[in-house]
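Here's the structure we're looking at; comments come further down.
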Amino acid sequence: MAPIPRLKAYDGPALLSYGFRPLFLLAALQAGLTILVWLGFVTGHLVIPTAFAPVDWHIHEMLFGYQAAAVGGFLLTAIPNWTGRLPVQGAPLLVLVLAWIAGRVAVATSALTGWHFAMAIDALFLILLAGAAAREVVAGRNWRNLKVVVLIGLLLAANLAFHLEAALTGGADYARRFAIATVLMLVGLIAGRIVPSFTRNWLAPRGAGRLPIPFGGYDKIVLAASAFALGLWVALPDTLASGIALALSAVLHAVRLARWAGDRTWRNPLLVILHVGYAFVPLGFALSAAASFALVGPGAGLHAWTAGAFGTVTLAVMSRASLGHTGRPLVATAATQACYA
């Protein structure tokens, strides 16, 4: 990983000096507010002029509002490290932020403006994010990370499919699974690099002992098996083939996690939470496999992945980025540990 590049000369608002600052803030606000608003919306105590049904609005905004902002904040912070180029800041970052905000307003008022208009506005953030990521990866000749751009493109496709399916059928069952699968692949790809790397960097100076196994051939097998299983789950969620593939992926991810020496990180909460968050990935695969055989409800696996893996890993990454890129020590304060709890 290349050293963190120096910032360009910048005298604007500190909020726009680095991608994680506005987007992590918006992600946090979106997560809290969406839950509160949805409780009133789903119980009929609050009316939102959206074309989505209450459950679909909740799922859409957690995936393409909260999660998209968190992914954007991480990538705009990590890509300069991967490529050695300077980060996006100032006016270009403000355009990304405004596109994200416009998307939230467009979705919330889509019953008034029409779903076509809402879909177009809502797509802008991911289009711009994919373009910014592709430009930096290509300019930095960091070809191996083009797969991240592909996954952003898939997330964009899932967002468009969500709007289309909801408008044409009244629900977005396939698109929501497609979106969750795409974010899960992003988590599997990114966490597979940063969790063993961060863990090794902390453990190595502290003496001999088992160290995490870095990203390699086994991880590629896990990701390929996961992509196959999730493809079946998106298209045929309640079938024997889907259940078997999901169960196999659960085992593969559990072994992957065990290879990262998480048991040796108990003194460092910023590392522990990364391992705990990733543990929800194999758990979600196992519960989704069980749901394929009607042993548990489908919501068990979905929430293990979304609230468990996505929420916890995102919180851990936001904490590390916010500390590391503001010059503060990578130490979890009491307040941070309370958030983890």
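The values are calculated or read from the model by the stated rules, or taken from the named source; none is laboratory data. These numbers were taken from a predicted model, which means no experiment stands behind them. As a convention, Cβ positions derive from the backbone with ideal geometry for all residues, glycine included, and neighbour counts pool all protein chains shown. What goes into the accessible areas is simple: the full protein's heavy atoms, side chains included, and nothing from ligands, DNA or RNA. Shrake-Rupley method; radii C 1.70, N 1.55, O 1.52, S 1.80 Å.
Please compute the modelled spin-label separation between Ile244 and Ile213, points set 7 Å along Cα→Cβ, answer in nm with one decimal.
Spacing of the two 7 Å Cα→Cβ label points: 2.5 nm.
On average, how much accessible surface per residue is there in region 248-317, in Å², for a 1.4 Å probe, leaving out ligands, DNA and RNA?
Result: 37 Å² of accessible area for each residue.
Rounded, prolate or oblate, given the Cα gyration tensor of the chain, with a/c below 1.5 counting as rounded? List each step's numbers first, then the result.
On the way: a/c = 1.60, a/b = 1.12, b/c = 1.43.
Note, shape of the chain comes out oblate.
Ranked from highest to lowest mean number of other Cβ atoms within 10 Å per residue, what is the order of the peptides 297-304, 137-144, 109-116?
Descending mean neighbour count gives 297-304, 109-116, 137-144.
With only Lys, Arg, Asp and Glu charged, each at its Cβ (+1 for the first two, -1 for the last two), find how big the charge dipole of region 94-213 is about the Cα centre; round to the nearest 20 debye.
720
Counting only protein heavy atoms and using a 1.4 Å probe, what share of the accessible area of region 2-135 belongs to carbon plus sulfur, as a whole percent?
Ligands and nucleic acids excluded, carbon and sulfur give 75 percent.
Using a Förster distance of 30 angstrom, determine the FRET efficiency expected from the C-beta separation of Arg135 and Ala235, and round it to 0.05.
The formula returns an efficiency of 0.35 here.
Accessible area per residue, 1.4 Å probe, Å², for region 1-141: what's the number?
For region 1-141, the solvent-accessible area averages 44 Å² per residue.
By Kyte-Doolittle mean hydropathy of at least 1.0 and Cα axial length of at least 30 Å, which whole DSSP H helices of the chain are selected?
20-42, 115-139, 146-169, 269-292
How large is the dipole of the chain about the Cα centre if only Lys and Arg carry +1 and Asp and Glu carry -1, each at its Cβ, rounded to the nearest 20 debye? Walk me through the numbers on the way to the answer.
Values: 22 positive and 10 negative charges, 298 e Å.
Around 1440 debye, computed over the chain.
What length, rounded to one decimal in nm, is gained on full extension from Val150 through to Phe117, with 0.36 nm per residue of separation minus their alpha-carbon distance?
Going from the current span to full extension adds 9.4 nm.
With each label point set 7 Å from Cα along the Cα-Cβ vector, what nm distance links Leu33 and Asp11?
3.2
For every helix of n ≥ 4 consecutive DSSP H residues, a contribution of -39,500 (n - 2.57) applies; sum these over the chain, divide by its total residues, and give [θ] at 222 nm rounded to the nearest 500 deg cm²/dmol. Please report the intermediate quantities before stating the final value.
Numbers: 14 runs with 237 residues, N = 341.
So the calculated ellipticity at 222 nm is -23500 deg cm²/dmol.
Run the numbers for Asn201 and Arg259: contour at 0.36 nm per residue of separation, minus the present Cα-Cα distance, in nm.
Extending this stretch completely gives an extra 19.4 nm.
Could the peptides 61-67, 77-83 be put in order, highest first, of the mean number of other beta-carbon atoms found within 10 Å of their residues?
Highest to lowest by the protection proxy: 61-67, 77-83.
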